[in-house]
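Report on one structure; see the data block that follows.
Each reported figure results from applying straightforward, stated rules to the coordinates on display, with no laboratory input. These numbers were taken from a predicted model, which means no experiment stands behind them. No Cβ is skipped: glycine too gets one built from the backbone with ideal geometry, and neighbour counts run over all protein chains shown.
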């Protein structure tokens, strides 16, 4: 199986740049802008959640709630995506990556909170990249 | 010393994509496919091992053993490569990077298991990139 | 807000490659070469420091001091930059990223020592990329 030979020249760095943009939005609590990085009917599914979160309103509300909770506890959370595999699709790309969640309490010690994988169906529109479907799987769960 | 000026446009992301592909194979226990990402006479050397592992059969066997051991202990292992420096060579590239090993026990807490460096002699054939020689050095050893 | 659409094709991987080059210099104690990756009047500011470090001599001296201190304590330090956002500027690029500091004592266990953000004003000269201004913010401080 060829690994990366046919990958269009600039697709890889575009997906990396999109992830940096998207995760920095989430980590600074920009819930509305974060939701805009999903398609209007975007889905966020996780093996830790009983049901997927569907649509921008619900995605923004979930981010806002998590952000408020972290702020109340004085914790900075950082999402790191890495080891990104990108495969072109008709409308964008499929990306499979690892994600680490790093947390630092105010005045305290940084720790690796969680290790996960992330599978994204990405589409590229006029305003840049968006997630149509994301599946996150925590490594501590089966 | 110039840092990255003469680097061919797409080489860097190709090496990154290759590492993502290769490490995801290893971490899901695909020992045979992992071994195919080395050249037939590929060498895996590590400062923690008395002797290098030579050739695809030995590399596959070592990966299988490590994978079976982790499965028996209920541990998910993730290899993260990052901070990749790439220098073009006649047949491919030389790449010097950092590698983290993250482990998560089932139902437990993710931790940084190990920090290492990784020096690769990479060649590019018809089927994509392959490692001809890898040298891993654990940071906890001299 | 468009995320990454107008990014020049090779800018992203150049900044990534520069960071790998620069951080590997720092982590192996090459203080003089590290200082050369800043402009002659380069500034290193950090929310943990009362005053910014200004100019290559001061930047080299600070790196040398930190490196000697780590060596005396038998600790390997690795700087990981990731989640890099890059915006082109007239003379180079503005880059906003996350940085992790990983430390491993000789014979001991690797840990995440610190999580930070890093905002760089980068310029590109004949000898490659250089930092004109860097602002590091530790996540544990306000």
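Shielding of peptide A:131-142 by partners, expressed as the average count of other chain Cβ atoms within 10 Å per residue Cβ, is 3.
What does the average come to when, for each residue of peptide A:24-31, you count the partner chain Cβ atoms lying within 10 Å of its Cβ?
Details: counts 7, 2, 0, 4, 1, 0, 0, 0.
For this peptide, the per-residue mean of nearby foreign Cβ atoms is 2.
Across the alpha-carbon atoms of the protein assembly as shown, the computed radius of gyration and Dmax are 20.9, 57 angstrom.
For the stretch B:11-138, what is the relative contact order in percent, using Cα pairs closer than 8 Å and at least 6 residues apart in sequence?
Values: 244 pairs, mean separation 32.1, N = 128.
It comes to 25 percent, rounded to a whole number.
Against chain A, whose longest principal axis is taken from its Cα atoms, helix A:11-27 shows a tilt of about 20°.
Using a ≥ b ≥ c from the Cα gyration tensor of the stretch A:34-75 (square roots of the eigenvalues), is it rounded, prolate or oblate, where a/c under 1.5 gives rounded and otherwise the larger of a/b and b/c decides, a/b for prolate? Mind dumping the intermediate values first?
Details: a/c = 2.97, a/b = 1.54, b/c = 1.93.
In terms of gyration-tensor shape, oblate.
In this assembly of identical copies, the label point of residue C:51 (Cα plus 7 Å along Cα-to-Cβ) is separated from its counterparts by 6.0, 6.0 nm, sorted shortest first. Of the candidates C:36, C:109, C:16, which one comes out as most mobile in a Gaussian network treatment of chain C with C-alpha springs shorter than 10 Å? Its mean-square fluctuation being the largest, the pick is C:109.
Select from B:80, B:34, B:129 the residue whose mean-square fluctuation is largest in a Gaussian network model of chain B (Cα-Cα springs shorter than 10 Å). Result: B:80 has the largest fluctuation of those listed. Structure remark: mean-square fluctuation, Gaussian network model of chain C, C-alpha springs under 10 Å; the largest value among C:24, C:14, C:32 belongs to C:14. For chain B, the longest principal axis of the alpha carbon atoms and the long axis of helix B:56-73 meet at an angle near 40°.
For the stretch A:11-138, what log10 I(q)/I(0) values come out of the Debye formula at q = 0.11, 0.14, 0.16 1/Å, with one point per alpha carbon and no solvent? Log-scaled intensity ratios, in q order: -0.36, -0.60, -0.79.
For the stretch C:95-136, the alpha-carbon radius of gyration amounts to 1.60 times the rule-of-thumb value 2.2 N^0.38 Å expected for a compact globular protein.
Give me a single rounded figure for A:106-113: the average over its residues of other chain Cβ atoms within 10 Å of their Cβ. Can you show the working numbers first?
Numbers: counts 4, 3, 2, 6, 11, 7, 12, 2.
The per-residue average across the peptide is 6.
When residue A:74 is represented by a point 7 angstrom out along its Cα-to-C-beta vector, the spacings to that point in the other copies are 3.4, 3.4 nm, nearest first. Across the copies of the chain, residue B:142 has label points (7 Å from Cα along Cα→Cβ) spaced 4.7, 4.8 nm apart, shortest distance listed first.
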